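Every number here is computed from the coordinates shown, using simple stated rules; none is lab data. Remember, it's a predicted structure, so these values are computed and weren't measured experimentally. FYI the Cβ positions are ideal-geometry reconstructions off the backbone, even for glycines, and counts take in every protein chain you see.
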C-alpha cells in the first residue's frame with residue numbers, strides 16, 4: 001500500500017469523504033489555505049509564539065476540509081480531478097507510464113516549491129515564499145488536470 005493511500009485512510013477518506021472532498025468549495029478553499037499558512041508562519045515576527053494559534057487553525061481546517069462540504073458527483077473540473085485522484089490511489093495500473101512520469105515531475109515540482117517556501121519562511125525572504133507557492137499552485141493545478149484526464153479516460157463514475 002502506498003504512503004498516499006495510507007494517509008488517505010488515516011485521514012478518514014471514506015467513499016462519502018471523497019464525494020465531499022470533490023466539492024469545488026473543498027478544493028478551492030484548500031488552495032486558499034496555502035497563503036494563509038504562510039502568513040500564519042510569517043506572523044511569528046509580529047506576534048511571537050502566538051503565531052501557533054493561526055498555524056493550528058489552518059492545520060485543523062486542512063484536516064476537516066474534506067469532510068465539511070456537501071457531496072457532489074463528477075460535474076466540475078475540480079470534482080473530476082478528485083475522482084481521478086481516488087482512481088489513481090486505488091489502482092495505479094490505470095495510470096499510463098506517461099501519466100506516471102508527469103505525476104512524478106509534478107511531485108518533484110511541488111517538493112521544490114515546498115522547500116523554497118520553507119527556506120523563505122525561515123530566513124523571512126518574500127521572493128522564495130512567493131516563487132515556491134507559485135510552483136506548488138501551478139503543480140497542483142496541473143496535477144488536477146492530469147487526474148481529470150485519467151477520470152475522463154476511464155469513465156468510472158463514483159468508483
Study note, to complete from the structure: In degrees rounded to 10, the 0-90 angle between helix 97-123 Cα long axis and the longest Cα principal axis of the chain is 10 degrees
**Study point:** Residue exposure sequence - 91, 98 - by fewest surrounding Cβ within 10 Å
**Key:** 98, 91
Review point. How do 44, 19 rank when sorted from fewest to most other Cβ atoms within 10 Å of their own Cβ?
Key: 44, 19
Study note, to complete from the structure: Expressed as a whole-number percentage, the relative contact order of the stretch 69-149 with C-alpha contacts under 8 angstrom and at least six residues apart is 41 percent
Check your understanding: Can you give the angle from 0 to 90° between the axis of helix 77-90 and the longest principal axis of the chain, with both taken from C-alpha atoms, to the nearest 10?
Key -> 80 degrees
Practice item. Calculate, in nm to one decimal, what residue 62 and residue 101 gain on full extension: separation in residues at 0.36 nm each, minus their alpha carbon distance. Key: 11.3 nm
Exercise for review: Taking each pair of different alpha-carbon atoms in the chain once, compute 1/r for the pair, average those values, and report the inverse of that mean as the Kirkwood hydrodynamic radius in Å to one decimal.
Suggested key: 16.7 Å
Point to revise | Residue-span extension gain [residue 94 to residue 16] - 0.36 nm each, minus C-alpha spacing | key: 25.9 nm
Review point. Could you work out the helix-only [θ] at 222 nm for the chain, with each DSSP H run of four or more residues adding -39,500 (n - 2.57) and the total divided by the number of residues, to the nearest 500 deg cm²/dmol?
Key: -26000 deg cm²/dmol
Check your understanding: On a 0 to 90 degree scale, rounded to 10, what angle separates helix 24-42 from the longest Cα axis of the chain?
Key -> 20 degrees
Check your understanding: Given a Förster distance of 41 angstrom, what is the FRET efficiency for residue 122 paired with residue 6, based on the Cβ-Cβ distance and rounded to 0.05?
Key -> 0.90
